[in-house]
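Report on the structure given below.
The values are calculated or read from the model by the stated rules, or taken from the named source; none is laboratory data. These numbers were taken from a predicted model, which means no experiment stands behind them. Every residue, glycine among them, receives a Cβ derived from its backbone with ideal geometry; neighbour counts consider all protein chains shown. These accessible areas exclude ligands, DNA and RNA; they are computed on the full protein's heavy atoms, side chains included. Shrake-Rupley method; radii C 1.70, N 1.55, O 1.52, S 1.80 Å.
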Amino acid sequence: MTAGLLLAAGAGRRYGRPKALVELDGEPLVRRAIRLLGDGGCAPVHVVLGAGADEVPDLPGAVPVRHDRWSDGLGSSLLRGLASLPADVPAAVVVLVDQPLLSPVAVRRVRQAYADGAVVAVATYAGRPGHPILLTRRTWPLLSGYARGDRGARGLLRDRPDLVVEVPCDDVGSPADVDTPADLLRLRPVSDGSASGAALRW
């Protein structure tokens, strides 16, 4: 069993509203990311909510997790989400709500790396680490020293390369962030299936 953990608690200050509520092709990003994890084979899927939590639509297929201290940053949301998972969950795949062009194939690839023995599996794009990231339960206590402010697991990846398996995912998606409305407009041609982005549809 590999859980899915979606971090969707931020206020989206640069965007002007919580990005969990932003829509791409008529679908809220939070629902799109839940579908990403489900299609990638993750269960259960937990969603950490904070800013705008009362406005988030129903989340079929996911467990909402309220995080009252969401303003402490992404790190606190990561720790809150991991703590919410059932005790029998041995690993979790973590994604962010503002990366709508991630692919279920990437989720399946990091899960396969875990099945092959990885302690931490991270998707890479052009050789750089991104999401999804799979974290086995044995690493969760280590994160308390890294997940602070807007920092999540990146420090752990840097300091413990012996635990990390990199999983190239350049061919199946993009880690592009939606930080502003202009970013979303740039992604729309890709999500609509243009020649340059056809392989990214799912």
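Ratio of Rg to Rh for the range 5-109, alpha carbon only, Kirkwood?
A ratio of 0.93.
Excluding ligands and nucleic acids, what accessible area in Å² is computed for residue 160 using a 1.4 Å probe, to the nearest 10?
Looks like 80 Å² after rounding.
Rounded to the nearest 500 deg cm²/dmol, what is the calculated helix-only ellipticity per residue at 222 nm for the chain, with -39500 (n - 2.57) per DSSP H run of length n ≥ 4?
Roughly -7500 deg cm²/dmol at 222 nm, from the helical runs in the chain.
How large are Rg and Dmax for the chain when calculated on the C-alpha trace, in angstrom?
Computed over the Cα atoms of the chain, radius of gyration and Dmax are 15.6, 44 Å.
So in the chain, what percent of DSSP beta bridges are antiparallel if you round to the nearest 5? Don't skip to the answer; put the middle values down first.
Numbers: 11 of 31 bridges.
Here the share of antiparallel DSSP bridges comes out near 35 percent.
Order 15, 114 by their accessible area, 1.4 angstrom probe, all chains in place, largest first.
Numbers: 15 40, 114 65 Å².
Highest to lowest solvent-accessible surface, that is 114, 15.
Run the quick spin-label model on residue 25 and residue 137: label points 7 Å from Cα toward the beta carbon, then report their separation in nm to one decimal.
The answer from the label model is 3.6 nm.
Mind checking the per residue accessible area of the chain for me, 1.4 Å probe, whole number of Å²?
Values: 9160 Å² over 202 residues.
Roughly 45 Å² per residue, with all protein chains present.
Measure off, as a whole percent, the carbon and sulfur share of the 1.4 Å-probe accessible area of the chain, all protein chains present.
50 percent
Give the ranking of 71, 103 by solvent-accessible surface, highest area first, calculated with a 1.4 Å probe.
Numbers: 71 80, 103 10 Å².
Largest accessible area first, the list is 71, 103.
For the pair residue 71/residue 154, report the inter-label distance in nm, with labels modelled 7 Å from Cα in the Cβ direction.
It works out to 2.4 nm between the two label points.
Each residue of the range 8-19 in order: what ³J(HN,Hα) in whole Hz does its phi give by Karplus 6.51 cos²θ - 1.76 cosθ + 1.60, θ = phi - 60°, with x for Gly and Pro?
9, 9, x, 7, x, 4, 5, 7, x, 6, x, 6
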